[in-house]
Amino acid sequence: MSDPNDLAAFLDLGWQRLTRGVADRRAAARHPVFATVSPDGLPEARTVVLRAASRSTGSVEVHTDGGSDKITSLRANPHAQLMIWDEKAKLQIRLSTTVTVHQGPEVADKWQTVPDGSRMAYGASPKPGTPIPNAHAYEKLASRDWFTVLSCRIDKIELMQLVEPHRRAVFQASDAWQGEWRVP
Ligand SMILES: Cc1cc2nc3c(=O)[nH]c(=O)nc-3n(C[C@H](O)[C@H](O)[C@H](O)COP(=O)(O)O)c2cc1C
């Protein structure tokens, strides 16, 4: 039985579960909730696909349509939180991040790796969120011009585990991910 007071092992668990989401479509971390703040200061949360996770750079990556409302929000406030509930590990993972928006020539190489069937997620006419007269009054453009990569630099990781007795810890980039226990 591993030491429940081992902060480093707890962080290892968090990264294991997170990186699994990139490789395994059925892993909980495949579909984080991605929360931003609207220009009006209101919360906005939506499901996304986790495209990359790197412990060495302390970052995760999400792909999106450049015409979506989250881009307007991120340009006004670059902070986003990603949240995962991993039922198997009984672990909630919260990543507080600062996001950089990449588009155009910078993401041309990544666009080449997007399968044809997935390209339709990028670009829509009219733009995503526009009111339309019926459910299908839109066109998907599958356009490289709208393909957008969100690089999310992780500032803080909070782990909460619902194994008795519950455990919660916060790890911050600013203190070299040393971490500290918190009351759950
Ligand atoms: C399972 C699932 C996966 C999704 N993956 C993504 C994604 O990777 N990127 C994305 O921008 N939207 C994704 N969406 C759609 C978003 O949840 C959201 O509806 C869309 O991005 C518009 O959000 P916004 O108007 O707040 O920007 C996904 C939705 C579901 C249900």
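Compare Val114, Val101, Val149 in a GNM of the chain, Cα atoms joined below 10 Å, and give the one with the largest fluctuation.
Evaluated over the chain, the most mobile residue of the options is Val114.
Would you calculate a helix-derived [θ] at 222 nm for the chain, using -39,500 (n - 2.57) for each DSSP H run of n ≥ 4 and dividing by the full residue count, to the nearest 500?
Only helices count here, giving -5000 deg cm²/dmol.
Out of the total accessible area of segment 1-103 (probe 1.4 Å, heavy atoms of protein only), what percent is carbon and sulfur? Intermediate values should be presented prior to the final figure.
Values: 2650 of 5310 Å².
C and S fraction of accessible area: 50 percent.
Two decimals, Cα atoms only, Kirkwood Rh: what is Rg/Rh over the chain?
My calculation puts Rg/Rh at 1.01.
Test of understanding: what is the full-extension gain from Arg46 to Asn134, defined as 0.36 nm times their sequence separation minus their Cα-Cα distance?
Fully extending the segment from Arg46 to Asn134 adds 29.4 nm.
Rounded, prolate or oblate, given the Cα gyration tensor of segment 96-184, with a/c below 1.5 counting as rounded?
Prolate.
Quick check for you: which residues of segment 8-34 have the amide N under 19 Å from the point 7 Å beyond the Cα of Asp69 toward its beta carbon?
33-34
Roll a 1.4 Å probe over the protein heavy atoms and report the accessible area of Arg55 in Å², nearest 10.
110 Å²
Which shape class, rounded, prolate or oblate, goes with segment 42-96 when its Cα gyration tensor gives a ≥ b ≥ c as root eigenvalues, a/c under 1.5 marks rounded, and past that a/b bigger than b/c marks prolate? List each step's numbers first, then the result.
Details: a/c = 1.94, a/b = 1.55, b/c = 1.26.
Because a/c hits 1.5 or more and a/b exceeds b/c, segment 42-96 counts as prolate.
Quick one: with all protein chains in place, what share of the accessible area of segment 112-167 is carbon or sulfur, to the nearest percent (1.4 Å probe)?
Numbers: 1880 of 3480 Å².
Here carbon and sulfur together make up 54 percent of the probe-accessible area.
State whether segment 1-62 is rounded, prolate or oblate according to the following rule on the C-alpha gyration tensor (a ≥ b ≥ c being the square roots of its eigenvalues): a/c under 1.5 gives rounded; otherwise a/b larger than b/c gives prolate, and the remaining case gives oblate.
Judged from the Cα gyration tensor, segment 1-62 comes out prolate (a/c at least 1.5, a/b above b/c).
Along the Cα→Cβ direction, 7 angstrom out, place labels at Asp3 and Gln92. What is the inter-label distance in nm?
Placing both labels 7 Å beyond Cα along the Cβ direction yields 2.7 nm.
May I ask you to give the solvent-accessible area per residue for the chain, in square angstrom, as obtained with a 1.4 angstrom probe?
57 Å²
The values are calculated or read from the model by the stated rules, or taken from the named source; none is laboratory data. Just so we're clear, the structure is a prediction, and the values are computed from it rather than from any experiment. Don't worry about glycine lacking a Cβ; one is built from the backbone with ideal geometry, like all the others, and counts go over all protein chains shown. Heads up: the accessible areas ignore ligands, DNA and RNA and are worked out on the full protein's heavy atoms, side chains in. Shrake-Rupley method; radii C 1.70, N 1.55, O 1.52, S 1.80 Å.
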